[in-house]
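The values are calculated or read from the model by the stated rules, or taken from the named source; none is laboratory data. As the structure is a prediction and not an experimental result, all values here were calculated from the model. All Cβ positions, glycine included, derive from the backbone under ideal geometry; neighbour counts span all protein chains shown. Heads up: the accessible areas ignore ligands, DNA and RNA and are worked out on the full protein's heavy atoms, side chains in. Shrake-Rupley method; radii C 1.70, N 1.55, O 1.52, S 1.80 Å.
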Amino acid sequence: MICLRYGEGQELRIEPPAEATVAEFSVSRGHPLDNPSAAVAAALSKPLDYPPLQRAVTPGDRVVLAIDRGVPQRNAVVAGAVESLLAGSVSPEDITLLLAPEENGICGGDVTAGLAPDVAASVRVVEHDPQNQAELSYLAASKENRPIYIHRQLFDADLVLPIGCLRPRRVLGRLGVHGGLFPTFSDAKTRERFQAADSARVSVQKKRRREETEEAAWLLGIQIILQLVPGGGNTILHALAGSPDAVAKRGRRLCDAAWLYRVPHRSSLVIATIEGDRTEQTWENFARALSTALAAVDDAGVILLCTDLRCLPGPALQTLTTLNEAPEALREIRRARSPDALSAALLAEARDRIQVYLLSGLDGETVEELGVGYVSQEEEVDHLCQQFDSFLVLADAHRAGVAVEVER
């Protein structure tokens, strides 16, 4: 019996056939931090290749914590970072919590909930709006002569501390340690350019986007970052602070150890989950999970994605419901710049090679119009499993990478 968690506390129990070959990664590797706030404060007091944060700031400094989407236990992480700043004599009134834009109107809750009431009332909380030109500042032109715009709070700050999550190699759309800063806090046009499907899948485009991300961080003068290695669900395995290069080097090893799975061969059935609250149940994470599963499934195999996804398909995904021919649909999708463009491109290509099933909070008609099989009950999953002789089970597939040792 395999017990899989998905969504926020939901479980799925499956019983593979006795003769089936099963590769199971249903539990993330590593031990979650018992006290993430203390771990963040400790990391900032002894950063990698950088002085303690308390010594890097002085009274009167304006400090911005630039917080990416998807940060687990966000309130505790923020509390640890703010505690370190206060220990460096930074006033709460000089601290701004700059939040990445919400996706599909999904709110991550009160980011100040972990702070003392008087501190929570004094810090400033700002949500980035990429459409609001009045909140943007021109930073410089990139090497490709593209204008780089960032949120004005970042431009005016004396110190910017980006906070985000590390991802292992082989994860779709990985931009490195600065990906949670840029294009996250840039203008709408730049964000749309990065959302194009080819930006995350074509080697030349991926290289250019990563270089542009690193260039923006360098121009902004980012010297210290805080990055987290997530665990399963809403847990954290490691908190790393320090210079970008040092954090990237250490983080790569820790993240690969936790989330890079090596499997002996492809499987005929891949079951992949997305665990977490509504902020994790997005089409962006759907694309990551699907990409990871595609790397490990046999041709003509089946992928089952277990999620609590409730966001309706965006314009790119809706293209799949109106265009039945894959080449025509792909041409349209590659021109799309919506947040679901990458999901749509992957799904359009996957439908020609394998069958995708989706367990979610969406209704059957919505799912099936995408050319995806609709699953709503555990019994349907169990029936599907009985048809295959090789399984791969991937928990939190949106965070994982897969390396297949032998192609068959």
Selection from segment 58-77 of residues that are β-branched (V, I, T) and touching a residue at least 60 places away in the same chain (Cβ under 8 Å):
V63, V64, I67, V71, V77
Would you mind finding the one in A100, A43, A113 that is more than 20 Å from Q153 (Cα to Cα) and touching a residue at least 40 places away in the same chain (Cβ under 8 Å)?
A43
Give G30, G9 a once-over and let me know the one that is open to solvent by less than 80 Å² (accessible area, probe 1.4 Å), touching a residue at least 12 places away in the same chain (Cβ under 8 Å) and not aromatic (F, W, Y).
G30
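Could you say which residue among L161, L154, L181 is part of a loop (DSSP other than H, G, I, E, B) and buried (at least 23 other Cβ atoms within 10 Å of the Cβ)?
L181
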For segment 118-129, indicate whether the set of residues that are of a type in the set (D, E), within 30 Å of R208 (Cα to Cα) and not in a strand (DSSP E or B) is non-empty.
yes
Out of all the residues in segment 197-236, which are open to solvent by less than 10 Å² (accessible area, probe 1.4 Å), aliphatic (A, V, I, L, M) and not in a helix (DSSP H, G or I)?
I224, I225, L226, L228, V229, I236
Can you tell me which residues in segment 348-369 are open to solvent by less than 10 Å² (accessible area, probe 1.4 Å), in contact with a strand residue (DSSP E or B) (Cβ under 8 Å, 6 or more places away or on another chain) and over 13 Å from I303 (Cβ atoms)?
V367
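Among the residues of segment 356-394, write down those that are more than 27 Å from V263 (Cα to Cα) and not small (G, A, S). Give the derivation first.
Start the filter on segment 356-394 by keeping residues that are more than 27 Å from V263 (Cα to Cα), which leaves 361-371, 374, 376-377, 379.
Within segment 356-394, L362, D363, E365, T366, V367, E368, E369, L370, Y374, Q377, E379 qualify.
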Of the residues in segment 136-151, those that are open to solvent by 20 Å² or more (accessible area, probe 1.4 Å), touching an Asp or Glu at 6+ places or on another chain (Cβ under 8 Å) and in a loop (DSSP other than H, G, I, E, B) come to K143, E144, R146
Scan segment 76-89 for residues that are hydroxyl-bearing (S, T, Y) and open to solvent by 10 Å² or more (accessible area, probe 1.4 Å) and report the count.
1
Any residue at all in segment 65-75 that is under 28 Å from D110 (Cα atoms), of a type outside the set (S, T, N, Q), open to solvent by 50 Å² or more (accessible area, probe 1.4 Å) and under 24 Å from the mean Cα position of the chain (by Cα)?
yes
Only one of (1) open to solvent by 10 Å² or more (accessible area, probe 1.4 Å); (2) part of a loop (DSSP other than H, G, I, E, B); (3) within 22 Å of D129 (Cβ to Cβ) is not met by K189, so which one is it?
(2)
Among the numbered conditions (1) open to solvent by less than 10 Å² (accessible area, probe 1.4 Å); (2) within 22 Å of L384 (Cα to Cα); (3) modelled with pLDDT under 95, tell me where L304 comes up short.
(3)
Among the listed residues P92, P51, which satisfies the condition of being free of Cβ contacts under 8 Å to residues at least 40 places away in the same chain and either touching a Gly at 6+ places or on another chain (Cβ under 9 Å) or open to solvent by less than 50 Å² (accessible area, probe 1.4 Å) (or both)?
P92
